[in-house]
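*Asks:* One structure is given below, represented as C-alpha cells, and several questions about it will come after.
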Amino acid sequence: MPSFTTKTFLAALAGAVSVAAHGHVESISVGGTKYEGLNPGSAPYDNPRKELVAWFATNTDNGFVAPSAFGDADIICHKGAENAVKSAKVKAGEKITINLKAGSYVLRHEIIALHAAGQENGAQNYPQCFNLEVTGSGTEQPAGVAGTSLYTATEKAGHR
C-alpha cells in the first residue's frame, strides 16, 4: 500500500503537470528563421533582458487573463506586456496575405481554455504577441481591432 508521502508526491506531480499545461508560444518560424518566444517563467529574471520578437510580459505564473480583465490592456498581449525590441521580417505573400502593405504588424496568438467557462469569469485567455515586419509592394492594410475590444466579460463563455 502506498504511503501518504507517495500519494502526496504523486498528487503534487499531477498538479505540476496541469500547471505546466498553461500556455505560451516557445518559438515561431518566419521565412525559414526560427525565433525564440517569451518564457514567462524566466524572462522577468533575465539580466540583461533577451532581445526577442516576442513581447515581454510579467505573467511569471504562466497564468491567464480572466474575463473581468477583457477591457484592460492585459488582454492585448498578456499581463504587463511591453512591445518587443525586435521584429521578424517576412515578405508579403510568404504565408501572409499576398497584398498586405509593407510595415510593422503584431501577430497575436491566444489560447482560450473553456473548461471553466460555464461559471462567471471562468474563461481563461492566454494571449501572446510577436512583432512582424512585412516587406514587399502590397497595398492592403487591414483595419484592425483594439485588443481591449476583442471580447466582453458578458459574452457567452467569455469569448466570441
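What follows draws every value from the coordinates through simple rules; no lab data is involved. Quick caveat: nothing in here was measured; it's all calculated off a predicted structure. Cβ sites come from the backbone with ideal geometry, for glycine too, and all protein chains shown count toward neighbours.
*Asks:* Name the trypsin sites (Lys or Arg not before Pro) in segment 82-112 that are in a loop by DSSP and that have at most 15 other C-beta atoms within 10 Å, would you?
*Replies:* Listed in order of number, the matching sites are LYS86, LYS95.
*Asks:* If you don't mind, there's one more thing I want to ask. Work out the charge dipole of segment 24-158 with +1 on the Cβ of Lys and Arg and -1 on the Cβ of Asp and Glu about the Cα centre, then indicate which of ALA116, ALA73, ASN39 is farthest towards its positive end.
*Replies:* Working it through, the farthest residue towards the positive pole turns out to be ASN39.
*Asks:* Full-extension gain between ILE98 and THR135, please, as 0.36 nm times their residue separation minus the C-alpha to C-alpha distance.
*Replies:* Stretched fully, the ILE98-THR135 segment lengthens by 12.2 nm.
*Asks:* Could you tell me which of VAL134, PHE56, VAL145 has its Cα farthest along the dipole of segment 24-158 towards the positive end, charges placed at Cβ (Lys, Arg +1; Asp, Glu -1), taken about the Cα centre?
*Replies:* VAL134
*Asks:* Further question: Rounded, prolate or oblate: which fits segment 24-158, taking a ≥ b ≥ c as square roots of the Cα gyration tensor eigenvalues, rounded meaning a/c under 1.5, else prolate when a/b beats b/c?
*Replies:* Verdict is oblate for segment 24-158.
*Asks:* While we're looking at this one, here's another question. Excluding same-chain pairs closer than 8 in sequence, count the lysine pairs in segment 24-158 whose Cα atoms lie under 22 Å apart.
*Replies:* Close lysine pairs found across segment 24-158: 12.
*Asks:* Hey, rough spin-label estimate for ALA73 and HIS109, points 7 angstrom out along Cα→Cβ, what's it come to in nanometres?
*Replies:* Once both label points are built, they end up 2.4 nm from each other.
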